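For reference, the structure is listed below as structure tokens.
Throughout, read-outs are computed from the coordinates displayed, never taken from laboratory work. Bear in mind the structure is a predicted one, so any value in this text is a computation, not a measurement. Because the Cβ atoms are built from the backbone with ideal geometry, glycine has one as well, and the counts that use them run over all protein chains shown.
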Amino acid sequence: MALTDADLVARVLLDDDHHAFAELVRNHQSSVRGLLRQLVRADVSLADDLAQETFLRAYKNLRSFRGEARFSTWLYRIAYNCFREEARKRKELVGIDEAQLEAEHDPHTTDPALRHDLAHALQLLPLHERTAILLCCQNGLSHDEAARVLEIPLGTVKTNVLRGREKLKRSLAAWDLTKT
Amino acid sequence: MNENLQEDWLDARLRDEAAYVDDGGFTAGVVQKLPARRVRHTLRAAILLGVTVVASIIAYLLSGGGWFIAEEVTRFALLPLPVIWLSAAAATVLVMAGSLAAVMSRTGGRLR
């Protein structure tokens, strides 16, 4: 039977079990790296550096995880803080590494042209709207959880999601949204 | 109705965008950078206790059965009373300062 995040966290805290922590990393690396790639405009190596920093901070501060929120929500919050610190340091983040992103997507799930347009439309959104959309619509967080990750009021998250959605729909108006 | 279909479509496409990112050695890289495993508390306590016992035995043997302790206690008891009081006060202050430093180091400098 697979262990839950709570079980794995308990093992790390009790026995400093590196195998348990590796399991946590394995379970969450995809979503954390995916989120960071979208946030840093797909600079894959920077996103992976930030993801590594995220997990190392998570390990160091695991005792502060109280289990009130999901482990993934807690991780997203650390990841977002890492991203903010990096953005502050760099001021301007680098451009899209589309070739690498294309290589890692399953080419059979969606029309490549549509995927390209969606990725482009996402990158055009202001950071606060993009982040809210990524957390709520792509990673399945509730508005409440996203508000906790971003440390902003719930109403602001809802507004950002709504505005982001509207802009995405406008950007993708050329596609027949209900048939594709 | 059409609005809802559009929202569903958009959510589905966004979820597609979040395709699985292959681990590709990422987890191994993170684990490699973790700090070395802590020695378990019980093991640490046993090591400390063992070292203390061994050191005490060595000190006892080297000092000729610990006679120097009895000699020093006798000499201390013969000192004038104010000197004994002063020594006791100084020892108390030292122990308190040590305890305070230990507490502050454990709480990262905060007392509350």
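Which peptide among A:138-144, B:57-63, A:149-155 comes first, and what is the full order, when sorted by highest mean count of other Cβ atoms within 10 Å?
Highest to lowest by the protection proxy: A:138-144, A:149-155, B:57-63.
Pop the C-beta distance of B:ALA45 and A:GLN123 into the FRET formula with R0 = 45 Å and round what comes out to the nearest 0.05.
0.20
For B:22-29, what's the mean count of beta carbons from other chains sitting within 10 Å of each residue's beta carbon?
5
Summarise the partner chain shielding of A:46-52 as one whole number: the mean count of Cβ atoms from other chains within 10 Å of each residue's Cβ.
Mean partner-chain Cβ count within 10 Å for A:46-52: 2.
Take every residue in peptide A:24-35, count the Cβ atoms of other chains within 10 Å of its Cβ, and give the average of those counts.
Mean number of neighbouring Cβ atoms from other chains: 4.
Highest mean first, how do B:41-52, A:49-60 rank when packing is the count of other Cβ atoms within 10 Å averaged over residues?
Result, highest mean first: A:49-60, B:41-52.
Starting from the Cα of A:LYS89, draw a straight line to each of the lysines and keep only those under 30 Å, dropping any in the same chain fewer than 8 residues away.
List returned: A:LYS60, A:LYS158, A:LYS167, B:LYS33.
With no solvent and one equal point scatterer per Cα, compute the Debye intensity ratio I(q)/I(0) for region A:23-80 at 0.20 Å⁻¹ and report its log10, rounded to two decimals.
After summing over all Cα pairs, the log10 values are -0.67.
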